[in-house]
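The block underneath contains the structure these notes are about, expressed in structure tokens.
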């Protein structure tokens with residue numbers, strides 16, 4: 001009963017989480033108002049934390065603002081809720097690399113290169 005009243009009140013005021021999230025992304029993309037965009041998306045997440053679309057929009061706002069690490073963290077938070085293919089696609093677009101097999105050695109070390117290729121061929125990585 002309380003949830004229904006909350007949703008009704010939100011829809012009457014025009015501030016549904018979906019609308020807030022979308023408006024935040026739109027402000028950032030079209031008007032370059034990143035702070036307002038982040039604030040609206042974060043408010044949407046506070047109201048409806050289980051909707052991965054809000055994390056997608058917030059992450060995109062962070063990318064537009066040039067905050068790559070914040071965007072990655074936001075996309076990963078969204079993936080903890082649900083494996084949304086759009087979040088995965090955004091992370092792939094960014095180009096996040098897996099850690100090398102032997103983290104104590106340099107990425108360019110021949111042992112890391114060969115081991116990584118073998119693990120990839122065996123589909124273990």
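Read the figures in this text as sums done on the coordinates, not as results from a lab. Remember, it's a predicted structure, so these values are computed and weren't measured experimentally. For neighbour counting, all protein chains shown are included, and Cβ atoms are generated from backbone atoms with ideal geometry for every residue, glycine included.
Provide 34, 25, 102, 75 in ascending order of the number of other Cβ atoms located within 10 Å of each residue's Cβ, fewest first. Intermediate results must be reported in sequence, preceding the final value.
On the way: 34 18, 25 23, 102 13, 75 26.
Exposure proxy ranking, most exposed first: 102, 34, 25, 75.
Can you give the FRET efficiency to the nearest 0.05 for residue 92 and residue 18, using r as the Cβ-Cβ distance and R₀ = 22 Å?
Efficiency, rounded to the nearest 0.05: 0.30.
Between residue 102 and residue 79, with labels modelled 7 Å along Cα→Cβ, what's the label distance in nm to one decimal, could you check?
It works out to 2.7 nm between the two label points.
Take 15, 90 and order them by how many other Cβ atoms sit within 10 Å, fewest up front. Walk me through the numbers before you get to the answer.
On the way: 15 15, 90 21.
Listed from fewest to most nearby Cβ atoms, that is 15, 90.
Using the alpha-carbon atoms, what tilt in degrees (0 to 90, nearest 10) does helix 52-64 show relative to the longest principal axis of the chain?
Result, in degrees: 70.
Can you give the relative contact order of the chain as a percent, counting alpha carbon pairs under 8 Å and 6+ residues apart? Spell out each step's value before the answer.
Values: 127 pairs, mean separation 19.3, N = 125.
Worked out over the chain, it gives 15 percent.
Rank 30, 109, 51 by mean-square fluctuation in a GNM of the chain with C-alpha springs under 10 angstrom and give only the top-ranked residue.
Result: 109 has the largest fluctuation of those listed.
Stokes-Einstein diffusion coefficient for region 56-125 at 10 °C in a medium of 1.306 mPa s, Rh from the Kirkwood formula over Cα pairs: what value in µm²/s?
Translational D for this selection: 116 µm²/s.
Rg/Rh for the chain: what does it come to with C-alpha atoms and Rh from Kirkwood?
1.16
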